[in-house]
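Q: Dropping the structure in here first, questions after.
The values are calculated or read from the model by the stated rules, or taken from the named source; none is laboratory data. Being a predicted model, the structure only gives us computed values, none of them experimental. With ideal geometry, Cβ positions are generated from the backbone for all residues, glycine too; neighbour counts draw on all protein chains shown. The accessibility values were calculated without ligands, DNA or RNA, using every heavy atom of the protein model including side chains. Shrake-Rupley method; radii C 1.70, N 1.55, O 1.52, S 1.80 Å.
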Protein chains: 2
Amino acid sequence: MSGSLDAHRAERPWDPAAHNMVALIARKRGGGALSDAELGWLCQGYVAGRIPDYQVAAWLMAVCCRGMDEAETLALTRAMVATGATLDWSHLAATPVDKHSTGGVGDKTSLVLVPLMAAAGLPFVKMSGRGLGHTGGTLDKLESIAGFRTELTPPEMRTQVERIGCALVGQSPELVPGDKLLYALRDVTGTVDCLPLIASSIMSKKLAAGAPVVVLDVKFGAGAFMREVETARELARAMVRIGEGAGRRVRAVLSAMDEPLGRSVGHALEVREAIESLHGRGPADLWALTLELGTNLLLLSGAERDARGARQRLEQLQASGAAAERFAALIEAQGGDPGVVEDPDRLPAAPVVTTFDAPQREVRWVGSADARRIGEAALALGAGRRTKDDTIDLAVGIRLLRKTGDRVEPGEPLAEIHARTDADARAAAEVLRAAYTLEHEPATPAPVRYETVGGEG
Amino acid sequence: MSGSLDAHRAERPWDPAAHNMVALIARKRGGGALSDAELGWLCQGYVAGRIPDYQVAAWLMAVCCRGMDEAETLALTRAMVATGATLDWSHLAATPVDKHSTGGVGDKTSLVLVPLMAAAGLPFVKMSGRGLGHTGGTLDKLESIAGFRTELTPPEMRTQVERIGCALVGQSPELVPGDKLLYALRDVTGTVDCLPLIASSIMSKKLAAGAPVVVLDVKFGAGAFMREVETARELARAMVRIGEGAGRRVRAVLSAMDEPLGRSVGHALEVREAIESLHGRGPADLWALTLELGTNLLLLSGAERDARGARQRLEQLQASGAAAERFAALIEAQGGDPGVVEDPDRLPAAPVVTTFDAPQREVRWVGSADARRIGEAALALGAGRRTKDDTIDLAVGIRLLRKTGDRVEPGEPLAEIHARTDADARAAAEVLRAAYTLEHEPATPAPVRYETVGGEG
């Protein structure tokens with residue numbers, strides 16, 4: 001595929017004199033496509049400050065209104081990658097892997113998956129972001145472990161991966177500086193919600209991070225960025241095509257995000273749940289998703305030939321304690337207290353723990369537990385940021401004692417609220433009231449099935 | 001009509017808290033419309049510097065891609081008008097009139113029409129712009145009259161109109177400052193060519209200038225901004241609807257701009273031709289268009305009941321010398337040398353006058369004389385600006401000795417080139433070569449018919 005895309009682009013020779021931003025904007029406005037060289041010029045010029053915000057804003061809106069075809073989306077992604085450094089892992093013997101999630105409530109999968117894959121012999125440097133709005137960020141969660149340091153330089157990452165096979169770090173500012181700038185502009189110009197721009201933003205970071213194997217966790221549903229599975233599938237396809245166009249082995253897994261993943265929402269609570277999952281005591285949905293993503297990574301990297309074998313290997317690495325040990329090694333390597341893996345009570349705890357209870361009337365079954373609203377309840381407790389500069393409380397959060405399809409007796413607790421103050425707990429309970437629906441009949445939850453996109457071969 | 005538009009808008013109550021620019025951009029991007037209050041907030045905020053260029057650029061591109069309906073276009077126009085002062089002529093006994101042309105090559109109609117209508121008793125303050133690219137500007141033309149001053153303050157305009165009934169002046173910076181800012185941003189963001197934005201930009205200036213009667217000269221063809229008559233008609237309709245929506249009497253005249261209007265292109269040459277036209281010795285097409293526009297103004301203002309009577313009155317004002325006298329009075333009032341009206345040789349003359357001749361081979365008829373290319377030939381002589389800061393040569397230009405349908409013998413002159421240097425003259429001749437096509441058979445020029453849009457009642 002990448003061959004035919006290159007041939008398609010080669011039809012447009014690059015004329016440096018014609019590189020007038022107004023002409024490029026007008027072409028995009030008219031539904032035309034920009035070439036590799038033109039998008040390269042645009043991204044470099046924007047990062048260097050030669051092209052002003054207002055011209056890039058007009059171009060972004062034209063992209064939102066007219067779309068970008070596959071070749072142009074790949075070209076933009078490559079142009080973004082070229083605005084910064086790229087990491088090179090070719091000196092490693094095993095195949096490095098990477099993963100991206102489009103974000104959800106209670107999604108602590110990276111904390112489980114990264115040490116698990118390292119235990120399976122696949123080097124895994126996971127770069128993550130911070131939380132904003134109703135979803136939490138992996139970096140913030142890790143900082144609930146005393147001493148944990150997320151800002152590693154590329155040489156530090158390299159040394160750590162050579163030694164223990166994994167790292168959980170912040171997005172390096174040396175990679176894709178253009179994406180950060182462009183995203184900030186999209187945020188204030190109504191151009192965030194645009195599929196090719198989302199796909200190229202995500203994939204530019206994955207390409208720069210250098211792993212040849214990537215699995216994408218694309219979420220849909222009430223608590224996800226994309227409500228509809230169709231949109232999620234479209235985004236998954238666009239990202240897989242970019243990755244394949246750039247010569248990577250990529251597969252996307254579509255996963256539902258109607259309820260939170262697992263039972264905990266909030267930083268320390270989620271780290272605890274991830275540790276429990278590594279010990280084999282975690283919630284079924286979190287482990288199932290981890291297995292699905294891990295199996296795909298083993299298959300794509302060629303480390304396993306069939307899904308059943310891959311799955312068994314991962315189950316065994318959990319059962320033997322190898323995965324949990326690897327997480328302790330990762331924490332220690334990054335300056336944190338590895339003792340939390342065996343003693344999660346060392347994590348910060350909230351001073352107020354109350355329950356949110358079912359009403360006394362006879363409603364026996366949980367119909368739904370809305371992920372977005374539960375995320376907002378955690379936000380009300382101080383577990384999230386409403387704006388980029390907010391500080392967050394790492395100890396607070398929600399533990400879901402009942403999820404969709406669970407039976408509940410009148411007055412029984414539905415959730416545990418971990419709060420800083422009684423007032424915060426009451427405010428969160430108010431939000432939870434809107435999150436839970438209770439039914440007279442049991443809901444039949446859809447069987448968990450993961451749709452995968454791409455990654456043939 | 002304005003009543004129903006108002007009712008339509010009143011359905012959307014204004015919520016000040018919701019006035020978040022990102023939300024407005026997103027609404028427009030989704031194909032929605034902004035309310036009067038929202039557009040007012042946007043325009044005021046932009047002029048005051050509260051809303052940054054990049055947000056306005058994104059909104060402009062969304063407007064270009066999604067369009068604006070009639071009500072929204074009117075609302076934007078009104079919001080633009082409200083960014084500055086408006087002129088009030090209600091103290092005048094007669095009905096003030098106004099005119100706008102979308103621009104063409106050799107278009108000196110304002111110089112003839114303004115004194116003619118003043119002679120007919122209709123007050124006429126015409127605000128004009130400067131030339132850019134292949135079209136000339138009325139202000140620049142007037143400055144070829146020694147001493148002529150185009151920058152009058154509103155009180156000066158008022159005094160002059162009370163005294164002699166007319167003025168030919170520059171766009172007052174106090175009127176519609178938002179239009180100037182918005183146009184400058186459109187110019188660098190690929191959003192110039194957008195019908196509702198063009199219509200509202202033009203009409204905002206007409207509304208602010210305060211005349212209750214407006215005639216719009218909308219040109220189409222090779223030398224016009226709009227090549228196709230359909231596009232010109234669409235723009236004409238949009239402008240008429242804005243004007244009517246704002247309670248003005250407006251009619252648009254569609255006129256062809258395939259060849260230059262008249263026979264002269266270049267500042268002093270065009271002033272000379274306008275004077276000849278006022279004396280009854282000008283080219284037929286210029287006088288015909290002037291009559292058409294003037295007749296519409298007389299009818300719309302109620303000064304005449306039928307077109308034939310209106311036309312006769314204007315013919316009589318030309319024949320009596322009243323119109324030419326009024327032009328002399330206007331020139332004198334604005335500090336210029338009124339002697340040019342009786343002695344146009346006082347206008348600046350170019351030192352080099354050569355001819356551009358037909359080839360010696362047997363081609364007997366002019367098939368076409370492309371307005372845009374003839375405008376470019378004048379530009380090559382120094383009669384125009386390529387960028388806003390260029391200085392222009394008021395004496396140089398082209399006189400067309402032959403136009404479409406004219407017979408020409410081998411080697412006979414087709415045009416006269418008025419140049420600063422021999423080299424300039426040769427360069428212009430090179431451009432003229434591409435402007436003229438010669439045929440073996442006579443072209444049958446389309447009969448001059450003007451389509452009018454709007455203005456019923």
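Q: Return the calculated 222 nm mean residue ellipticity for chain A, to the nearest 500 deg cm²/dmol, obtained by summing -39500 (n - 2.57) across DSSP H runs with n ≥ 4 and dividing by the residue count.
A: -14000 deg cm²/dmol
Q: What is the percent carbon and sulfur in the accessible area of chain B, measuring with a 1.4 Å probe over the protein chains and ignoring ligands?
A: 49
Q: Sort B:308-317, B:74-83, B:358-367, A:412-421 for me by packing, meaning the mean count of neighbouring Cβ atoms within 10 Å per residue, highest on top.
A: B:74-83, A:412-421, B:308-317, B:358-367
Q: Do any residues of the stretch A:42-59 lose at least 10 Å² of accessible area when the full set of protein chains is present rather than just their chain alone, and if so which, with a 1.4 Å probe?
A: Those are A:Asp53, A:Tyr54, A:Gln55, A:Ala57, A:Ala58, which lose 10 Å² or more relative to the chain on its own.
Q: What share of the DSSP beta bridges in chain A is antiparallel, in percent to the nearest 5?
A: If we restrict to bridges inside chain A, about 50 percent are antiparallel.
Q: Using θ = phi - 60° and the Karplus relation 6.51 cos²θ - 1.76 cosθ + 1.60, list the HN-Hα couplings for the stretch B:235-248 in order, rounded to whole Hz, with x at every Gly or Pro.
A: Computed from phi, the couplings for the stretch B:235-248 are 5, 4, 4, 4, 6, 4, 5, 4, x, 5, x, 9, x, 9 Hz.
Q: Please give the peptides B:118-126, B:280-288, A:85-93 ranked by average Cβ packing (other Cβ atoms within 10 Å per residue), highest first, as a rough proxy for protection.
A: Averaged packing, sorted descending, gives the order B:118-126, B:280-288, A:85-93.
Q: For B:Leu216, what residues show an amide H to amide H distance below 5 Å, using hydrogens built from the backbone and excluding near sequence neighbours?
A: Residues meeting the criterion, in which the H sits 1.01 Å from N, are B:His100, B:Arg251, B:Ala252, B:Val253.
Q: Taking each residue of A:182-194 in turn, how many C-beta atoms of other protein chains fall within 10 Å of its C-beta, and what is the average?
A: 4
Q: Which order do peptides B:52-63, B:29-40 fall in by mean Cβ count within 10 Å, highest first?
A: By packing density, highest mean first, the sequence is B:52-63, B:29-40.
Q: Quick check: pseudo-label points 7 Å beyond the Cα along Cα→Cβ at A:Thr231 and B:Thr387, how many nm apart are they?
A: With each label placed 7 Å out from Cα toward Cβ, I get 4.5 nm.
Q: Going by a ≥ b ≥ c, the root eigenvalues of the Cα gyration tensor, does the stretch B:343-401 fall in the rounded group (a/c under 1.5), the prolate group (a/b larger than b/c) or the oblate group?
A: Cα axes put the stretch B:343-401 in the oblate bin.
Q: Among bridges DSSP assigns within the stretch B:130-285, what percent are antiparallel (round to 5)?
A: Of all bridge pairs located within the stretch B:130-285, approximately 10 percent are antiparallel.
Q: Cα-Cα over 19 Å: which of A:Lys141/A:Lys403; A:Lys108/A:Lys403; A:Lys28/B:Lys180; A:Lys219/A:Lys388; A:Lys180/B:Lys28?
A: Flagged as over cut-off: A:Lys141/A:Lys403; A:Lys28/B:Lys180; A:Lys219/A:Lys388; A:Lys180/B:Lys28.
Q: Just to confirm, what accessible area per residue do you get for chain B at 1.4 Å probe, in whole Å²?
A: Per-residue accessible area for chain B comes out at 39 Å².
Q: Looking at the stretch A:306-457, what % of the alpha carbon pairs are farther apart than 25 Å?
A: Beyond 25 Å sits 53 percent of the P(r) for the stretch A:306-457.
Q: Which residues in the stretch B:379-411 place their backbone N less than 19 Å from a point set 7 Å from the Cα of B:Glu441 along the Cα-to-Cβ direction?
A: Once the point is set 7 Å along Cα→Cβ of B:Glu441, B:404-408 turn out to lie under 19 Å by backbone N, inside the stretch B:379-411.
Q: In nm, what does the list of distances from B:Gln316 to its counterparts in the other copies look like, shortest first, when each label sits 7 Å along Cα to Cβ?
A: Computed spacing set for this position: 11.1 nm.
Q: Let me ask something else. Among B:Gly106, B:Gly397, B:Met257, which residue has its Cα positioned farthest towards the positive end of the charge dipole of the protein assembly as shown, with +1 placed on the Cβ of Lys and Arg, -1 on the Cβ of Asp and Glu, and the dipole taken about the Cα centre?
A: About the Cα centre, the residue reaching furthest to the positive side is B:Met257.
Q: Hey, another quick one. Using θ = phi - 60° and the Karplus curve 6.51 cos²θ - 1.76 cosθ + 1.60, what whole-Hz ³J(HN,Hα) does each residue of the stretch B:60-69 get, with Gly and Pro shown as x?
A: Residue by residue, the stretch B:60-69 yields 4, 5, 4, 4, 4, 7, 9, x, 9, 7 Hz.
Q: Taking H as built 1.01 Å from N, whose amide H comes closer than 5 Å to the amide H of A:Thr355, not counting residues under 5 places away?
A: Counting only residues 5 or more places away or on other chains, the set is A:Ile417.
Q: How far apart, in nm, are the 7 Å Cα→Cβ label points at A:Arg420 and A:Ala93?
A: So the two model labels end up 4.9 nm from each other.
Q: Rounded, prolate or oblate: pick one for the stretch A:128-213, where a ≥ b ≥ c are the square roots of the eigenvalues of its C-alpha gyration tensor, a/c under 1.5 means rounded, and failing that, prolate if a/b is larger than b/c, else oblate.
A: It is oblate, given that a/c is not under 1.5 and a/b is not larger than b/c.
Q: Just counting partner chain Cβ atoms within 10 Å, what average do the residues of peptide B:62-70 show around their Cβ?
A: Neighbouring Cβ atoms belonging to other protein chains average 3 per residue here.
Q: Nearest 100 Å² is fine: how much accessible area is buried between B and A, summed over both sides, with a 1.4 Å probe?
A: 1700
Q: Based solely on C-alpha atoms, express the radius of gyration and the Dmax of the stretch A:215-359 in angstrom.
A: For the stretch A:215-359, the Cα-based Rg and Dmax read 17.7, 55 Å.
Q: Only four residue types carry charge here, +1 at the Cβ of Lys and Arg and -1 at the Cβ of Asp and Glu. Report the dipole size of the protein assembly as shown about the Cα centre in Debye, rounded to the nearest 20.
A: Result for the protein assembly as shown is approximately 280 debye, rounded to the nearest 20.
Q: Something else about it: Mind giving me the nanometre distance, one decimal, between the label points for B:Ala322 and B:Thr153, set 7 Å out from Cα along Cα→Cβ?
A: 3.4
Q: Any idea what the dipole of the stretch A:31-99 comes to, in debye rounded to 20, about its Cα centre with Lys/Arg Cβ at +1 and Asp/Glu Cβ at -1?
A: 140
Q: Among DSSP beta bridges whose residues both lie in the protein assembly as shown, state the antiparallel percentage, nearest 5.
A: Approximately 50 percent, going by the DSSP bridge assignments.
Q: Collect residues whose amide H, placed 1.01 Å from N in the peptide plane, falls under 5 Å from the amide H of A:Cys166; neighbours closer than 5 in sequence don't count.
A: Correct list: A:Phe124.
Q: From the Cα trace of chain B, what convex hull volume per residue do you get, rounded to a whole Å³?
A: Hull volume normalised by residue count: 142 Å³.
Q: Applying the Karplus parametrisation 6.51 cos²θ - 1.76 cosθ + 1.60 with θ = phi - 60° to the phi angles of the stretch B:336-353, what ³J(HN,Hα) value in whole Hz is obtained for each residue in order, glycine and proline being reported as x?
A: Once rounded to whole Hz, the list reads x, 8, x, x, 4, 5, 8, 9, x, 5, 6, 5, x, 10, 7, x, 10, 10.
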